[in-house]
Amino acid sequence: MTLDNPAIIDPIKLARLALTAVKVGLRLEKGQDLVITAPIAALPLVRLITEEAYKAGAGLVTTFYSDEAATLARYAHAPDESFDRASGWLYEGMAKAYAGNAARLAISGDNPMMLAAADPAKVARANRANSMAYKPALEKISNFDINWNIVSYPNPSWARQVFPDLPEDEAVHKLAEAIFAASRVDRDDPVAAWAEHNASLKTRSSWLNDKRFSALHFTGPGTDLTVGLADDHEWHGGASTANNGITCNPNIPTEEVFTTPHALRVEGTVCSTKPLSHQGTLIDDIQVRFEGGRIVDAKASRGEEVLLKVLDTDEGARRLGEVALVPHSSPISASGILFLNTLFDENASCHIALGQCYSKCFLNGASLSQDEITAKGGNSSLIHIDWMIGSDQVDIDGITADGSRVAVFRKGEWA
Ligand code: ZN
Ligand code: ZN
């Protein structure tokens, strides 16, 4: 099939997505270098983004491509001991680029089921080695030292998983249109549309920051969960300002407002409301119980073995690093599509994330040391995995320091 067929991927909307990535997602500054990572299938979008970046005055744009066939070749043929290794030299270089104020753009679009047939033990070892090697570069991103952005491209191998019953051309077209709508590039002026959207997310996060809740209480079918919020937590949503002073929109799309839970103050039970796609495995009907912030009991109707492996990654993997609020009526939820991609699916529903917290979700987060973040209840881990716990049957109360309750969500919508 020919992906440059305009009937499959609308070239006008694709060009708007490139413009939006540079002007809204990154707000690239004159002279700033840019590091891009992308699946090779996203080449048409990489070229458009590179062009927009140079037009915006980018210094040097450098792209690293990944290729599914090459990744699978490793799992099929690489020697066993290689699965405890990763390209640390590459990540050190990236960390160096970010330390020099290069911006970062990731294009997502890999086949979410790519590793479904690979040996799960090898996948887990490779992920662990990769997470450890990636840490110096990832820290610059998770600490929000630089402006960064992630957008998506409708890779055919991804589209086939989302719409398995459609011919490939149709599947790619449908996924492309869904990505364009969620990324607000189906409008003539996406930059203006994002300014409006950012303003409405700001209203929500400011309201929550004014309330200074000490905990959120989620109730719904199978869910009775109290999520204590970290001391001096701060809610964020939409555009936010990186430590290099640039205000960017890291996630495109985004519908969430989110903050840091207290790693030691989560109690009760919660069940997932949408399947979680994790490295080739669909984990469905997750049910966990927290005690003192730690998951002490976990099961799933499908993919339980993978879930349990994830929880054993490290001590922080059993604790929460994020809680996020998304109304059930969000456009991504309304599309009814399960994207099998966290960037989209997490924006369809309220969610929590296991693992690493965001230091920017604290008052003056940028100036806090790791020990100070830990003391305020911020969790640390090699993983950060979001899963969906919201639906039109979930209510959320905010609990203030004196124990009084305020309705935050009713039946999945802002109260
Ligand atoms: Zn989130
Ligand atoms: Zn997250």
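Beta carbons closer than 9 Å, at least 6 apart along the sequence or on distinct chains, pair a first residue in the range 55-81 that is more than 15 Å from V123 (Cβ to Cβ) with a second that is of a type in the set (F, W, Y) for V61/Y54.
Please find, among R289, R302, the residue that is of a type in the set (K, R), surrounded by fewer than 19 Cβ atoms within 10 Å (Cβ to Cβ), away from ligand 2 (no atom under 16 Å from the Cβ) and within 19 Å of F339 (Cβ to Cβ). Working first, answer last.
Details: R289 fails: within 19 Å of F339 (Cβ to Cβ).
One residue alone meets the criteria, R302.
For the range 345-360, state whether one or more residues are more than 16 Å from ligand 1 (Cβ to nearest atom) and more than 20 Å from C248 (Cβ to Cβ).
Here is the first cut: in the range 345-360, the residues more than 16 Å from ligand 1 (Cβ to nearest atom) are none.
No, because not a single residue in the range 345-360 is more than 16 Å from ligand 1 (Cβ to nearest atom) and more than 20 Å from C248 (Cβ to Cβ).
Would you confirm, using the coordinates I've provided, whether L311 is modelled with pLDDT of 95 or more, hydrophobic (A, V, I, L, M, F, W, C) and surrounded by fewer than 22 Cβ atoms within 10 Å (Cβ to Cβ)? Answer is yes for this residue.
Please report, ordered by residue number, the strands (runs of 3 or more DSSP E) entirely within the range 183-276 with at least 1 residues that are in the same structural domain as V310 (by TED's automatic domain parsing), over 21 Å from A407 (Cβ atoms) and at pLDDT 95 or above.
By residue number, 261-271.
One residue stands out among those in the range 355-374 that are free of Cβ contacts under 8 Å to residues at least 60 places away in the same chain and small (G, A, S): the one that is surrounded by the most Cβ atoms within 10 Å (Cβ to Cβ), which is G355. Scanning the range 166-182 for residues that are assigned to a helix (DSSP H, G or I) and more than 30 Å from I396 (Cβ to Cβ) turns up E168, D169, E170, A171, V172, H173, K174, L175, A176, E177, F180.
If you check I179 against the conditions, is it modelled with pLDDT of 95 or more and under 17 Å from the mean Cα position of the chain (by Cα)?
On the way: modelled with pLDDT of 95 or more: yes; under 17 Å from the mean Cα position of the chain (by Cα): yes.
It is true that I179 is modelled with pLDDT of 95 or more and under 17 Å from the mean Cα position of the chain (by Cα).
Sort out for me the strands (runs of 3 or more DSSP E) sitting completely within the range 325-415 that have 1 or more residues that are within 16 Å of ligand 2 (Cβ to nearest atom). Quick ask: steps written out before the conclusion?
Details: elements: 351-355, 384-388, 395-399, 405-410.
Answer list for the range 325-415: 351-355, 384-388.
When the range 220-241 is filtered for residues that are buried (at least 21 other Cβ atoms within 10 Å of the Cβ), hydrophobic (A, V, I, L, M, F, W, C) and away from ligand 2 (no atom under 16 Å from the Cβ), only L225 remains. Might you check whether a residue that is in a helix (DSSP H, G or I), modelled with pLDDT of 95 or more and not acidic (D, E) occurs anywhere in the range 317-324? Scanning the range 317-324, I find at least one residue that is in a helix (DSSP H, G or I), modelled with pLDDT of 95 or more and not acidic (D, E), so the answer is yes. If we keep just the residues of the range 318-350 that are among the hydroxyl-bearing types (S, T, Y) and surrounded by fewer than 24 Cβ atoms within 10 Å (Cβ to Cβ), which is nearest to the chain's Cα centre (by Cα)? My answer is T342. Checking each residue of the range 39-50 against the condition of being assigned to a loop (DSSP other than H, G, I, E, B) and either closer than 26 Å to C248 by Cβ or at pLDDT below 95 (or both) gives no match. Residues in the range 84-134 that are touching a residue at least 60 places away in the same chain (Cβ under 8 Å), assigned to a helix (DSSP H, G or I) and in contact with a strand residue (DSSP E or B) (Cβ under 7 Å, 6 or more places away or on another chain): A97, Y98.
The values are calculated or read from the model by the stated rules, or taken from the named source; none is laboratory data. Keep in mind that what you see is a predicted model, and the values were worked out from it rather than measured. When we count neighbours, we look across all protein chains shown, and the Cβ atoms used for this are built from the backbone with ideal geometry, even at glycine.
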